[in-house]
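Notes follow the structure.
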Amino acid sequence: MASTDPYMQRVGEIANNGSITVGISLGQKLGLFTILSKQESAISPEQLSRLSKCKKALVETWLLLMTSADIVTMSGNHLFFLPPERRPALTKTHSAAVFLAPYIPYMEKECMGLAKTFKDDQSDESAAFEWSMSDPDDLFVEWQKIRPSVFKAYFTECTTHIPCLDERLKNGAKVLDVGTNDGRFVNMLAEQYPKTDFIGVDINEDAIKKIVPSSPNASFMVQDALNLPAEWKDRFDYVTIIDAFQHLPDTNQAAKEFARVLKPGGWLSVIEIKRGSTYEEDMKLPNAVFNYLFEMMWCGESCGSSDAAKEAAHPIPNALHLLKQPISQAGFSCVKDHPLQRIDLDDTVHICCQK
């Protein structure tokens, strides 16, 4: 018999939602929601099986799961339909379903390894927790696929925060991207603004070697953000750093370097995950639960006993005031922060300021 205890019911709903998330993730990965979104009328499991090139028995069970979760509707003659008003939440590039749902099954897969690392008496190095990054279907490979659209969404909003930024880049300027990683952001902007020269830098030599410039006005090189070339003084109109500022070993020195290489009147954009100044403030953020889960996984890696795990460990995101502090102290003016709202449930902030 079902419990009448309200809190017991709530915990049961939470556990049940985990199953729903797995179903949503499968629907995304297999393109089932996309196919359903194109249908003007309800279809049978056989039809969806044929259109998706998936096994009928599994497709039918998935449809029943999604119907039980009140995501897909089912008619009396065993036909299924995804109502038009529900489609954006399940198919829009930056919806929570597309952007976040794939993470959950991946983290569940890693849970057993993390559990061993939790124990104080864990002394077996072979049991040290490390995120698996070699699988071609790995979460990070999936993340790479959507990064260009995420960057585009971010930058579109940045142009509304910095006066005349779009116009300046169209007319021709010099831009530096720090922590450029695979260069996708620079390559995207270089194609969008052919009159502007873009340089992407990263301390990771292997990453830089793999980048192929998409256009003549994009270039990449190995550089240390804490010690940029002396000849770059007052060289750039715009400096960007995305999801990398908090990774730097000395943010105070980095902010000073950004100020040094910017021209007078130049702008800096720092894009990072937003965190609260207190636990109470932090837990009120829309994506707090996911943030803490993600943080726990990275923390587990840094607690692992292997050198590889410690080297790969991700820093815990800084509170907003701690991100802004070194920037203000570096002499920037008009230091402002703006939430980036193009991606559902993504607590990201754009800190922009002028030299």
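For the range 305-355, residues that are among the basic types (Lys, Arg), at pLDDT 55 or above and not in a strand (DSSP E or B) total 3.
Residue count for the range 262-294, restricted to those that are within 18 Å of Gln246 (Cβ to Cβ), surrounded by 13 or more Cβ atoms within 10 Å (Cβ to Cβ), in contact (Cβ under 8 Å) with a residue 12 or more places away in the chain and over 19 Å from the mean Cα position of the chain (by Cα): 1. I'd like the full set of residues that are surrounded by fewer than 19 Cβ atoms within 10 Å (Cβ to Cβ) and not acidic (Asp, Glu), limited to the range 185-197. Passing the criteria: Gln192, Pro194, Lys195. Could you please find all residues in the range 171-224 being under 22 Å from the mean Cα position of the chain (by Cα) and assigned to a loop (DSSP other than H, G, I, E, B)? Matches in the range 171-224: Gly179, Thr180, Asn181, Asp182, Gly183, Ile203, Asn204, Ile211.
Within the range 146-164, residues that are touching a residue at least 24 places away in the same chain (Cβ under 8 Å) and farther than 10 Å from Cys352 by Cβ reach partners that are hydrophobic (A, V, I, L, M, F, W, C) and outside any helix (DSSP H, G or I) with beta carbons closer than 8 Å, at six or more positions or on different chains, in the pairs Val150/Ile343; Phe151/Ile242; Ala153/Leu340; Ala153/Ile343; Tyr154/Ile242; Tyr154/Ile271; Tyr154/Leu340; Glu157/Leu340. Taken together, Ser41, Ser25, Ser37 contain a single residue that is loosely packed, with under 10 Cβ neighbours inside 10 Å and in the same structural domain as Ile71 (by TED's automatic domain parsing), which is Ser41. Of all residues in the range 47-63, exactly one satisfies the criterion of being over 17 Å from Ser37 (Cα atoms) and either small (Gly, Ala, Ser) or at pLDDT below 95 (or both), namely Ala57.
Checked against the criterion of being closer than 20 Å to Cys352 by Cα and in contact with a strand residue (DSSP E or B) (Cβ under 7 Å, 6 or more places away or on another chain), the candidates Leu226, Leu176 yield just one match: Leu176.
For the range 151-188, what are the residues that are more than 23 Å from Arg260 (Cβ to Cβ) and either hydroxyl-bearing (Ser, Thr, Tyr) or not assigned by TED's automatic domain parsing to the domain that holds Asn204 (or both)? The answer is Tyr154, Thr156, Thr159, Thr160. Here the range 254-279 is the region considered, the condition is being at pLDDT 85 or above and among the charged types (D, E, K, R), and the residue that is nearest to Thr180 (Cα to Cα) is Glu272. Looking across the range 228-255, the residues that are farther than 13 Å from Ile327 by Cα, part of a loop (DSSP other than H, G, I, E, B) and out of contact with any helix residue (DSSP H, G or I) (no Cβ under 7 Å at 6 or more places or on another chain) come down to Pro229, Asp234, Asp243, Ala244, Pro249. Anything in the range 104-116 that is under 15 Å from Gly27 (Cβ atoms) and either among the hydroxyl-bearing types (Ser, Thr, Tyr) or at pLDDT 75 or above (or both)? List them, or say none. Passing the criteria: none in range.
Among the residues that make up the range 64-86, is at least one of them at pLDDT 85 or above, among the hydroxyl-bearing types (Ser, Thr, Tyr) and in a strand (DSSP E or B)? Yes, some residue in the range 64-86 is at pLDDT 85 or above, among the hydroxyl-bearing types (Ser, Thr, Tyr) and in a strand (DSSP E or B).
The single condition from (1) more than 21 Å from the chain's Cα centre (by Cα); (2) surrounded by fewer than 19 Cβ atoms within 10 Å (Cβ to Cβ) that Glu257 fails is (2).
The values are calculated or read from the model by the stated rules, or taken from the named source; none is laboratory data. Treat the numbers as computed from the prediction; the structure is a model and nothing was measured. Cβ: placed from backbone, ideal geometry, glycine included. Neighbour counts: every protein chain shown.
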